[in-house]
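The values are calculated or read from the model by the stated rules, or taken from the named source; none is laboratory data. No experiment lies behind these values; they were computed from the predicted model shown. Note that each Cβ is placed from the backbone with ideal geometry, even for glycine, and that neighbours are counted across all protein chains shown. Surface accessibility is based on the protein's heavy atoms, side chains included, excluding ligands, DNA and RNA. Shrake-Rupley method; radii C 1.70, N 1.55, O 1.52, S 1.80 Å.
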Amino acid sequence: MKRSLIFLLLLTFLQCSKDLSPFGGEPEVTTLNPRLKPEWPNPNWKVVPPESVGVSTNKLKLAEEYAFTRTGDETDRKGRRTDALVILRNGKLIYEKYARNFSEDKVHLTWSVSKSILQTMYGIAVKAGLVKLDDPGYYHYEPLSRDEAHKKITIRHLLNMSSGLAAEEGYESGPLKSSVIAMLYTRGRKDMGSFCAGLPLRAEPGTQVYYSSCDTNILSAILKKVYGVEEYDKLPFEKIFKPLGITNVTFERDGSGTYIGSSYLYMTAKDLAKIGYLYLNDGVWNGERLLPEGWVQFTRTPAPGYKTTPYSEDLAEDNYTAHWYANTGVPERGIHEPWPDAPKDTFAGLGHWGQMLYVIPSLDLIIVRFGDDREKAFIKNDFLKLVKESVIR
């Protein structure tokens with residue numbers, strides 16, 4: 001009897017600790033429910049009144065007032081400075097508004113939302129069998145072979161912002177201290193991937209989460225080696241933008257021709273919403289699977305490195321996943337949800353100065369907000385709460 005009990009307990013443990021995701025790590029979020037007969041933009045979004053999809057126009061105006069109320073002038077650049085706001089429900093456009101000389105056809109710098117589209121490029125490469133997440137980076141990219149420590153860095157580590165490289169992410173400091181400033185504008189701008197791969201390690205790869213634009217641009221450089229220059233040049237345009245009907249887009253490169261996946265993708269708000277809609281539909285677009293099964297689950301799962309990262313208040317501000325953000329929290333580390341008044345299944349691509357792409361599966365919502373925030377006056381949780389409260393059925 002005692003042996004049977006021990007066997008059952010062991011079996012239960014193995015089942016609980018089993019890798020439930022094809023891309024590694026036990027999922028910490030609920031599985032996306034399949035959307036029945038989703039509507040697709042062809043190529044434009046269908047525009048409908050909010051009430052027709054269960055959203056209150058009057059309550060949505062509260063979210064509009066929050067987003068577009070200006071509390072500073074153009075000189076001091078303070079307060080909430082929204083440039084564009086687009087909201088979709090059930091695959092239909094229910095709200096759009098623009099400010100500060102932006103319009104529906106004018107592209108906007110997405111800053112670090114670019115990272116989430118770079119992650120989409122990796123989904124394409126993984127589905128094609130060209131890379132595996134646990135490939136050491138140096139298999140594909142020689143600069144990461146500089147020593148045995150760097151050889152331990154995998155593609156998964158880079159996607160999870162857990163490379164261990166001693167980058168310093170800070171846009172408001174100078175290039176001598178900030179590796180991101182040096183990478184983008186001074187020492188590293190001719191070849192950002194190589195510059196970043198040359199940084200020393202601060203931690204064992206995979207053990208510490210640290211948000212780093214360097215990790216992203218190494219990933220971009222790896223893709224260039226994997227595909228070759230000609231196919232790499234076409235990759236985002238032929239494999240992502242073209243299928244989604246996105247034609248008005250600019251993706252800048254460094255001096256070596258590598259896409260600056262960390263920062264320099266320009267899109268319109270309604271086109272960025274298409275990226276969100278691809279993920280809301282589990283990587284399927286108009287009946288065609290573009291991203292591998294399980295990729296969106298991987299996208300929504302906090303980085304495993306949280307479990308061994310030394311705790312700090314900065315660490316608790318966000319839930320990094322794989323170049324996206326989650327709203328699950330990491331309870332075992334005392335890390336709460338970043339947007340407690342939003343549904344727990346909310347996930348997002350976020351960028352500097354207020355660029356936001358939110359996907360909320362449980363409410364079937366996509367929200368895109370572009371801005372120019374120079375201070376923390378736009379509180380994401382307060383805004384998301386107002387949008388959530390506008391959903392009446």
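Of note:
- Potential lengthening between residue 247 and residue 314 on full extension [0.36 nm per residue; Cα-Cα distance subtracted]: 20.4 nm
- Net charge dipole, region 325-393: roughly 20 debye, given to the nearest 20, about the Cα centre with Cβ charges of +1 for Lys and Arg and -1 for Asp and Glu.
- Top positive-direction residue, dipole computed over region 53-390 with Cβ charges, set 303, 184, 357: 357
- Relative contact order, percent, region 53-390 [alpha-carbon distance under 8 Å, six or more residues apart]: 25
- The overall shape of region 232-356, judged from the alpha-carbon gyration tensor, is prolate: a/c is not under 1.5, and a/b is greater than b/c.
- Dividing the helix sum by the residues of the chain, where each DSSP H run of 4 or more adds -39500 (n - 2.57), gives a mean residue ellipticity at 222 nm of -8500 deg cm²/dmol.
- The share of accessible area on region 53-390 that comes from carbon and sulfur is 48 percent, using a 1.4 angstrom probe.
- Positive-end residue of 117, 171, 144, charge dipole of the chain with Cβ unit charges: 117
- Taking every protein chain into account, the accessible area of region 53-390 amounts to 37 square angstrom per residue (probe 1.4 Å).
- Pairwise FRET efficiency - residue 171 versus residue 286, Cβ, R0 = 35 Å, nearest 0.05: 0.40
- Beta bridges from DSSP with both residues in the chain: antiparallel share about 95 percent, rounded to the nearest 5.
- Efficiency of FRET from Cβ geometry, residue 68 and residue 101, R₀ 22 Å, rounded to 0.05: 0.95
- Farthest positive-ward along the chain dipole, Cα basis, beta-carbon charges - from 82, 264, 232: 232
- Of the complete DSSP H runs in the chain, those spanning 15 angstrom or more by Cα along the long axis with a mean Kyte-Doolittle score not below 0.0 are 2-17, 113-127, 213-227, 269-280.
- Compactness index (Cα Rg / 2.2 N^0.38 Å), the chain: 0.99
- Cα gyration tensor category, rounded, prolate or oblate, for region 140-262 with a/c compared to 1.5: prolate
- Of 300, 333, 189, the one that fluctuates the most in a GNM where the chain has Cα springs shorter than 10 Å: 333
- Multiplying the residue separation of residue 187 and residue 207 by 0.36 nm and subtracting their alpha-carbon distance yields 4.4 nm.
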